[in-house]
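Trainee: For reference, the structure I am asking about is given below.
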Amino acid sequence: MKYTLWLNGHLLGETRLEHKNPVGSQRMGGLRPTAYGLELLPGLCGFLSAASALKKAMQTQGIDDPDKDLDRTMQLMETTLEGARFSELVKALSGLELREAGGDRAAFHTVIITDLRELAELSQSFDAEKEIADGVPRFVVSATPVNFQSMTWAVRGGTKMRVKMEPN
C-alpha cells in the first residue's frame, strides 16, 4: 500500500512501508521525497544519533534507568545539548503524519525518518555514497502501529536504549 508523509499540511513524500519487522509490527520503507520534502528532511533526521548521544550523556551522569532517576533525567534533558537535540527532534517528528492512499490518516503511532548516510556513520557497515548512487533511497521511513508500547535497540558498543511510546 502506498502512504504519503505529511508535516503541517505539506506533502514531504511517499513510501510503501514494504518491509515488516519479523519480530514486531514495525514497518519500514524507502521514502520518495517531493522537492519540498528534500528541503525539510535533513532537519527531521538524526533521531538515532541524538538518542545515542543522549544515552551516552546519561551514562556519563550515572543514570542507568531514566524511569527510576526521573529528576536527574529531566534535568539532563533540559540542560545539555544532547537533551535539547533529542527533545527538538521528538517535537518535530510528532508533527509527522502518514496518510493512506485515500487520504485518511494511517494508524501509526510513531514515524521516524532516517538518512542512510547517518545510519552508515553509526554502523560503518557500508559505503552510503556508493549505495545511494546505485539506487537505494537516501531516506527511510520507519512507522510503528498505534498498539506498540516500547522498543529497544542496541547501539554500537553493546549499549541498549529503550524508548516508551504513549498515544498523542
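The values are calculated or read from the model by the stated rules, or taken from the named source; none is laboratory data. Computed from a predicted structure; not experimentally measured. Glycine gets a Cβ as well: all are built from the backbone with ideal geometry, and neighbour counts include every protein chain shown.
Trainee: Please go through the stretch 94-144 and pick out each residue that is part of a loop (DSSP other than H, G, I, E, B) and modelled with pLDDT under 80.
Mentor: Of everything in the stretch 94-144, those that are part of a loop (DSSP other than H, G, I, E, B) and modelled with pLDDT under 80 turn out to be Gln124, Ser125, Phe126, Asp127, Asp134, Gly135, Val136, Pro137, Arg138.
Trainee: Which residues, counting only those in the stretch 1-29, are under 12 Å from Ile112 (Cα atoms) and part of a strand (DSSP E or B)?
Mentor: Leu5, Arg27, Met28, Gly29 - these are the residues of the stretch 1-29 that are under 12 Å from Ile112 (Cα atoms) and part of a strand (DSSP E or B).
Trainee: Hey, another quick one. List the pairs whose first member sits in the stretch 58-69 and is at pLDDT 85 or above, whose second member is part of a loop (DSSP other than H, G, I, E, B) and among the polar types (S, T, N, Q), and whose Cβ atoms are under 9 Å apart, counting only residues at least 6 apart or on separate chains?
Mentor: Gln61/Thr80; Asp69/Gln61
Trainee: Could you run through the stretch 31-57 and say how many residues are in contact with an Asp or Glu (Cβ under 8 Å, 6 or more places away or on another chain) and crowded, with 19+ Cβ neighbours inside 10 Å?
Mentor: Counting residues in the stretch 31-57 that are in contact with an Asp or Glu (Cβ under 8 Å, 6 or more places away or on another chain) and crowded, with 19+ Cβ neighbours inside 10 Å gives 8.
Trainee: Please state which one of Lys91, Lys160 is at pLDDT below 75 and closer than 20 Å to Leu54 by Cα. Can you show your working first?
Mentor: Numbers: Lys91 fails: at pLDDT below 75.
Step by step, each of Lys91, Lys160 is checked, and only Lys160 is at pLDDT below 75 and closer than 20 Å to Leu54 by Cα.
Trainee: Give me the pairs, please: first residue somewhere in the stretch 71-92 and on the phi > 0 side of the Ramachandran plot, second residue anywhere and at pLDDT 90 or above and surrounded by fewer than 17 Cβ atoms within 10 Å (Cβ to Cβ), beta-carbon distance under 8 Å, and either six or more positions apart or on two chains.
Mentor: Close Cβ pairs (under 8 Å, with a partner that is at pLDDT 90 or above and surrounded by fewer than 17 Cβ atoms within 10 Å (Cβ to Cβ)) do not exist here.
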